[in-house]
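None of the figures in this text is laboratory data; all of them are computed from the coordinates on show. Bear in mind the structure is a predicted one, so any value in this text is a computation, not a measurement. No Cβ is skipped: glycine too gets one built from the backbone with ideal geometry, and neighbour counts run over all protein chains shown.
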Amino acid sequence: MKDPNCIFCKIIDGEIPSYKIIETERTFSFLDINPIAEGHSLVIPKHHAQKLHEVPDEYLSEILVVAKQIASKLGVANYNLLQNNGRLAHQEVDHVHFHLIPKTSEEDGLNYRFKPLSKEHVDLEKVHKKLV
Ligand code: 5GP
Ligand code: ZN
């Protein structure tokens with residue numbers, strides 16, 4: 001499935017140029033145009049969907065394999081795999097994409113810290129019931 005207005009669909013079709021890395025039957029990968037670390041790459045399914053849960057399984061299953069191959073090619077010891085869904089979660093391009101981001105120094109790459117919720121706002125039992 002394609003969206004004619006989507007920049008990543010256009011990249012898959014070659015309408016917008018990119019530094020392609022690996023292409024498979026159901027995935028495409030290329031260098032991010034605004035890297036936050038050298039080698040910052042994107043892996044996308046060849047199926048237009050905004051969010052992860054909307055992507056058919058057969059398109060998702062190849063993505064981690066390709067991310068693994070890029071990580072090996074880059075030869076970096078430290079890296080993050082990031083996938084944003086929705087504006088609040090910092091998604092800017094509405095075609096599912098996985099960022100592979102080398103972490104070569106404290107400054108480069110992904111900079112974040114988990115900030116755990118305070119204990120009074122956490123009810124693991126309740127959440128768990130919803131999920132099983
Ligand atoms: P998001 O914030 O949606 O998770 O990340 C979108 C990413 O896509 C950004 O890192 C941005 O630099 C990258 N990007 C946006 N437009 C283009 C483009 O036309 N070509 C390439 N190669 N990357 C793009
Ligand atoms: Zn698209």
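Within the stretch 54-65, is even one residue away from ligand 1 (no atom under 15 Å from the Cβ), under 25 Å from ARG113 (Cα atoms) and of a type outside the set (Gly, Ala, Ser)?
yes
Sort out which residues of the stretch 80-111 are within 12 Å of GLN50 (Cβ to Cβ), of a type in the set (Gly, Ala, Ser) and either in a loop (DSSP other than H, G, I, E, B) or within 16 Å of ligand 2 (Cβ to nearest atom) (or both), and write them in order of number.
GLY86
Exactly one condition in (1) over 21 Å from GLY109 (Cα atoms); (2) surrounded by 15 or more Cβ atoms within 10 Å (Cβ to Cβ); (3) within 13 Å of ligand 1 (Cβ to nearest atom) is false for ALA49; which is it?
Against the list (1) over 21 Å from GLY109 (Cα atoms); (2) surrounded by 15 or more Cβ atoms within 10 Å (Cβ to Cβ); (3) within 13 Å of ligand 1 (Cβ to nearest atom), ALA49 comes up short only on (3).
Just checking, does the stretch 53-66 include any residue being under 15 Å from LEU100 (Cβ atoms), surrounded by 17 or more Cβ atoms within 10 Å (Cβ to Cβ) and of a type in the set (A, V, I, L, M, F, W, C)?
yes
Which pairs do you get when a residue that is more than 13 Å from GLU25 (Cα to Cα), found in the stretch 42-55, comes within reach of a residue that is among the charged types (D, E, K, R) and part of a loop (DSSP other than H, G, I, E, B), reach meaning Cβ atoms under 6 angstrom, with the pair 6+ apart or on two chains?
Going by the 6 Å Cβ cut-off, the qualifying pairs are LEU42/ASP32; HIS48/LYS2; HIS48/ASP3; GLN50/ASP94.
Residues of the stretch 7-34 being assigned to a loop (DSSP other than H, G, I, E, B), within 11 Å of ligand 1 (Cβ to nearest atom) and buried (at least 16 other Cβ atoms within 10 Å of the Cβ), which ones?
SER18, ASP32 - these are the residues of the stretch 7-34 that are assigned to a loop (DSSP other than H, G, I, E, B), within 11 Å of ligand 1 (Cβ to nearest atom) and buried (at least 16 other Cβ atoms within 10 Å of the Cβ).
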